[in-house]
Amino acid sequence: MSDEKKSLPEIILKPGAQTIGRAKDNDTCIADKTVSSHHARIVTYFNASYIEDLDSTNGTLVNGKPVKKHTIHPGDIIKLGNVHFIVARGDTIDSGAENAKPAKIGTERPVRPIGRPLQ
């Protein structure tokens, strides 16, 4: 990781939605005049996250490109107004699918046909 990225504040991805902006009712409050009151929202569902610009005045950029709604990943650089952040992975909701054991279907009892056989 470059020194520039190491010095940026982090936005930690966590399950659910988190809002970012200048207003105090945001989950992440930024005291910078170039950031709108309700600038953006980050939504994390299972292991996928996206950022959505909330019609901010100065826009939202991911890795230097303006976005309205965009998938984000750890290491991405987000710019809101003149403020830069690096995306970091926090706790995620695990579906548990990779640890699931296959169900044994039909091993409990024999299956008996119902009705007449097809001809």
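The values are calculated or read from the model by the stated rules, or taken from the named source; none is laboratory data. Remember, predicted model here, so these are calculated numbers, not experimental data. We place every Cβ from the backbone using ideal geometry, glycine too, and count neighbours over all the protein chains shown. Side chains included, ligands, DNA and RNA excluded: accessible areas come from the protein's heavy atoms. Shrake-Rupley method; radii C 1.70, N 1.55, O 1.52, S 1.80 Å.
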* Considering every residue within the range 38-47, establish whether at least one is open to solvent by 20 Å² or more (accessible area, probe 1.4 Å), part of a loop (DSSP other than H, G, I, E, B) and over 19 Å from Ala88 (Cα atoms). => yes
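Quick check on Ile114: is it modelled with pLDDT under 85, out of contact with any Gly (no Cβ under 9 Å at 6 or more places or on another chain) and not basic (Lys, Arg)?
yes
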* Would you confirm whether any residue within the range 2-22 is open to solvent by 80 Å² or more (accessible area, probe 1.4 Å) and either modelled with pLDDT of 95 or more or aromatic (Phe, Trp, Tyr) (or both)? => yes
* Asked: If we keep just the residues of the range 48-77 that are at pLDDT 95 or above and loosely packed, with under 13 Cβ neighbours inside 10 Å, which is farthest from Thr34 (Cα to Cα)?
  -> Thr71
